[in-house]
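So that we are looking at the same thing, I have put the structure below in structure tokens.
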Amino acid sequence: MSFFRRHGPGWWIRFFGLALLDGIVIALIPTLWEQRATVALVCILVGAAGINYIFLSSRTIPIRWLVPGLFFLALMMLWPIVFTVYIALTNWSTGNFITKDQAIDRLTEGGAYLIETEDSPLAAMYLYRDPSIPTTRLDPIADLKLLVVTDLGEFFYGSPRLRTAPAPDEPELECCVSPRVDEEHAARLGAESLAELNAVDEDGDGIPETIGGHAKLRLLDIGTVSGVLDQLVLDVPGRGQARARTFSSAVLAEQRFVYDRARDALIDRLNDDALCPAQGASFVCAERRVDPGWREFQGFDNFTRIVGDERIRTPFLRIFVWNVIFAAAVVLLQLSLGMALALTLDDRRMKGRGLYRSLLLIPWAAPGFIVILVWRGLLNPSFGPVNNQLEARWLADLSRSTWPRWLVAVALVACAAVLIWMASGMLRRRRWFATFFSLVGAAVVAWFVYKILGPGFAVRNVGIPWVQPGDWFWSKVAVIVVTMWQGFPYFFLICTGALQAIPSEMKEAAKVDGASPFQVFWKVTFPLLMVGIAPLLIASFAFNFNAFVNIFLLTAGGPPVAGYAVPFGETDILISFVFNLAVESGRGGQYALAAAATFFIFFIVATISAISFRFTRRLEEIYGSL
């Protein structure tokens, strides 16, 4: 009793937690050992031993608080990195997932390669069922047993399945041992004779009337399974399948391939016992690959293939150049638009600034997945509202309307007058940009007045191919514009916050020294803004460098480019290119090649970020003390 009092509840919680962890690890050991997952087994054992030591030793008390974080760090970050490295060093791809032993088992035991011809041997077949269990229409083969007797006197007895049902990985029978299978398969053939299953042969014809409580079905009773009789299959380990042909016969579909371990080759029974040697990571029969193959270690072959194969290197470099242009253009446009809006709304004389700022955050707050799909519909070449507006159909209808057009003209002239008045006021204050845009707006309004009162607007068939099917130029413009629209509120928000941190005295001092508004912005405001937002520009560049969702949902990487060994499109970036290699290549997933390409992407982004951070430190050294 003193033992229990000496240890508090925390000790018991730790004790039972470790006991539960150790129990789970011990239970996993046989499974991992059977599957030959040596790396996973070693990692689990080392990790479990380390956790036990940390929580049981008094020397490691401070480390206990770090264990949860370290565990999830290893699980969520280190393990994916290690697994990606492993895949990149192998030939992991479609048809080369499994080990060599697993591939041999599927070729020599699975149902994919079975020989069933007109010359295939027929066998007698008998059906058995427990008479005490009623049959149901939902499962007509419930408790059904199948006995197959070959011409050589072999008996195979077990539960059948339907052809539409998946074949078991390791089929087993209840009887009987066959001299034509090896010891490995004989262990799954059940009892050595029907006598061990309490079989009773009442008439002495060699076919028992009952086997272990299951009675042989008479011809009249077979009607209960007549609807699925031609679908019955009995899987025989090491021999193939016994497939029902009639009420009393079955055909024995045997395995096409037999593995010769001494010569490391398959023997093809279908082609006069031709030899299929192992070449590379698969067996080859008559100069044709036999699937599935197996995975094997290839070293740096995938990396050298990306660098050395021109049909892969050229698309990779081409996509890399476009990727840099895309990310840089998007970041520059997002920064320009966000900063311009932040400077505009920084004027305290403007009314309703809070409302405007809230509305400008909508593109950033909206779900990106839905926003991209909406933009895809807006940019549809045939039915999208963007092309419909560019065709000016509503303006053509307005210019052909029967009601007095002079009313519209008067309203537009009034708008032009207001813009000119605003331009004159801005000119007196020496606000050159505002003056320029006001004059441009007045000119546009004047052009509208001329078109409405004069020749009118004509409908033009614009049909800009923004998204697929389209040309490369407009597809790239659409991707850049949509990504810019989606991310400019982020820079608007950080520029708004950074502007609040700039002392107003510095701007006033610059104005006293005779600086124009543009000089105040370029010499004072912009450098101080860059000190705070330059690191965020680097992060935004890295984010847009891997903007997979925008590319995948808007253009799917298209338009496609043909003539290369890997699939890619004009608007593909490196991350979507890797995705196409791994998932949507149309010729099977090239996972190892895609994993190798991810390392190039990592080093590219890391190099660009390192150079950018050096530039950021220079800004901090120059302007950080201001």
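The values are calculated or read from the model by the stated rules, or taken from the named source; none is laboratory data. Keep in mind the model is a prediction, meaning the values are calculated, not measured. A quick note on method: Cβ atoms are made from the backbone with ideal geometry, for glycine too, and the neighbour counts reach across all protein chains shown. Protein only, heavy atoms only, side chains kept; ligands, DNA and RNA dropped before computing areas. Shrake-Rupley method; radii C 1.70, N 1.55, O 1.52, S 1.80 Å.
Hand me the list of helices (runs of 4 or more DSSP H) wholly inside segment 1-82 holding 2 or more residues that are at pLDDT 85 or above.
The helices (runs of 4 or more DSSP H) meeting that bar are 9-34, 38-56, 67-73.
From the list Trp65, Trp79, exactly one residue is loosely packed, with under 14 Cβ neighbours inside 10 Å and touching a Cys at 6+ places or on another chain (Cβ under 9 Å). Which is it?
Trp79
Report every pair of residues separated by at least 6 positions or lying on different chains whose Cβ atoms are under 6 Å apart, first residue within segment 337-353 and under 18 Å from Met484 (Cβ atoms) and without any contact (Cβ under 8 Å) to a residue 40 or more places away in the chain, second in a loop (DSSP other than H, G, I, E, B) and open to solvent by 50 Å² or more (accessible area, probe 1.4 Å).
Listed pairs, sorted by first residue: none to list.
On to the next question. Go through (1) open to solvent by 60 Å² or more (accessible area, probe 1.4 Å); (2) modelled with pLDDT of 90 or more and name the single condition Ala327 misses.
(1)
When you scan segment 485-571 for helices (runs of 4 or more DSSP H) that lie fully inside it, which ones turn up with 1 or more residues that are touching a Gly at 6+ places or on another chain (Cβ under 7 Å)?
Hits in segment 485-571: 526-545, 548-554.
Being modelled with pLDDT under 85 and among the polar types (S, T, N, Q) narrows it down to one residue among Ser93, Ser120; which is it?
Ser120
What's the number of the only condition in (1) outside any helix (DSSP H, G or I); (2) touching a helix residue (DSSP H, G or I) at 6+ places or on another chain (Cβ under 9 Å); (3) farther than 22 Å from Leu114 by Cα that Ile306 fails to meet?
(1)
Would you call Leu499 modelled with pLDDT of 80 or more and touching an Asp or Glu at 6+ places or on another chain (Cβ under 7 Å)?
So Leu499 fits the description; yes.
Take the residues in segment 236-254 that are open to solvent by 20 Å² or more (accessible area, probe 1.4 Å) and under 18 Å from Ser178 (Cβ atoms); name whichever of them is modelled with the highest pLDDT.
Among residues in segment 236-254 that are open to solvent by 20 Å² or more (accessible area, probe 1.4 Å) and under 18 Å from Ser178 (Cβ atoms), the one modelled with the highest pLDDT is Arg243.
Follow-up question, since we're still on this one. Are any residues in segment 214-273 hydroxyl-bearing (Ser, Thr, Tyr) and within 19 Å of Arg106 (Cα to Cα), and if so, which ones?
Tyr259
Separate question: Tally time: how many residues in segment 572-585 are open to solvent by 30 Å² or more (accessible area, probe 1.4 Å) and assigned to a loop (DSSP other than H, G, I, E, B)?
2
If I filter segment 309-319 down to residues being part of a helix (DSSP H, G or I) and open to solvent by less than 60 Å² (accessible area, probe 1.4 Å), which single residue comes out as nearest to Ile538 (Cα to Cα)?
Ile319
Would it be correct to say that Trp92 is in a loop (DSSP other than H, G, I, E, B) and either open to solvent by 40 Å² or more (accessible area, probe 1.4 Å) or at positive phi (or both)?
yes
Here's a follow-up. Please name all residue pairs, on different chains or six or more residues apart, with Cβ atoms under 8 Å, provided the first residue is in segment 201-217 and is on the phi > 0 side of the Ramachandran plot and assigned by TED's automatic domain parsing to the domain that holds Pro131 and the second residue is assigned to a strand (DSSP E or B) and not β-branched (Val, Ile, Thr).
Matching pairs, first to second residue: Gly212/Ala199.
Here is a follow-up. Can you name the condition, by its number, that Leu332 falls short on among (1) in a helix (DSSP H, G or I); (2) closer than 24 Å to Lys100 by Cα; (3) open to solvent by 70 Å² or more (accessible area, probe 1.4 Å)?
Result: Leu332 passes all but (2).
Against the condition under 30 Å from Phe600 (Cβ atoms) and either surrounded by fewer than 20 Cβ atoms within 10 Å (Cβ to Cβ) or in contact (Cβ under 8 Å) with a residue 24 or more places away in the chain (or both), how does Ile502 come out, does it pass?
Taking the combined requirement at face value, the residue does not satisfy it.
Yes or no, residue by residue, for (1) more than 26 Å from Tyr259 (Cβ to Cβ); (2) surrounded by fewer than 16 Cβ atoms within 10 Å (Cβ to Cβ):
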| site | (1), (2) |
| --- | --- |
| Val177 | no, no |
| Ala195 | yes, yes |
| Gly204 | yes, yes |
| Thr210 | yes, no |
| Arg218 | yes, yes |
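Okay, moving on. Quickly run through segment 499-545 and pick out the residues that are charged (D, E, K, R) and over 17 Å from Asp347 (Cβ atoms).
Glu505, Asp513, Lys523
Mind checking whether some residue in segment 105-122 is closer than 14 Å to Gln241 by Cβ, open to solvent by 60 Å² or more (accessible area, probe 1.4 Å) and not in a loop (DSSP other than H, G, I, E, B)?
yes
Is it true that Asp101 is outside any loop (DSSP other than H, G, I, E, B) and at pLDDT below 90?
Yes; evaluated as a whole, the condition is true for this residue.
Here's the yes/no breakdown for (1) free of Cβ contacts under 8 Å to residues at least 12 places away in the same chain; (2) out of contact with any Cys (no Cβ under 6 Å at 6 or more places or on another chain); (3) open to solvent by less than 20 Å² (accessible area, probe 1.4 Å):
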position	(1), (2), (3)
Glu508	yes, yes, no
Lys511	yes, yes, no
Ser516	no, yes, no
Thr525	no, yes, yes
Ala542	no, yes, no
Asn546	no, yes, no
Gly557	no, yes, yes
Tyr564	no, yes, no
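I'd like the full set of residues that are surrounded by 13 or more Cβ atoms within 10 Å (Cβ to Cβ), at pLDDT 90 or above and of a type outside the set (A, V, I, L, M, F, W, C), limited to segment 269-290.
Across segment 269-290, the qualifying residues are Ser282, Arg289.
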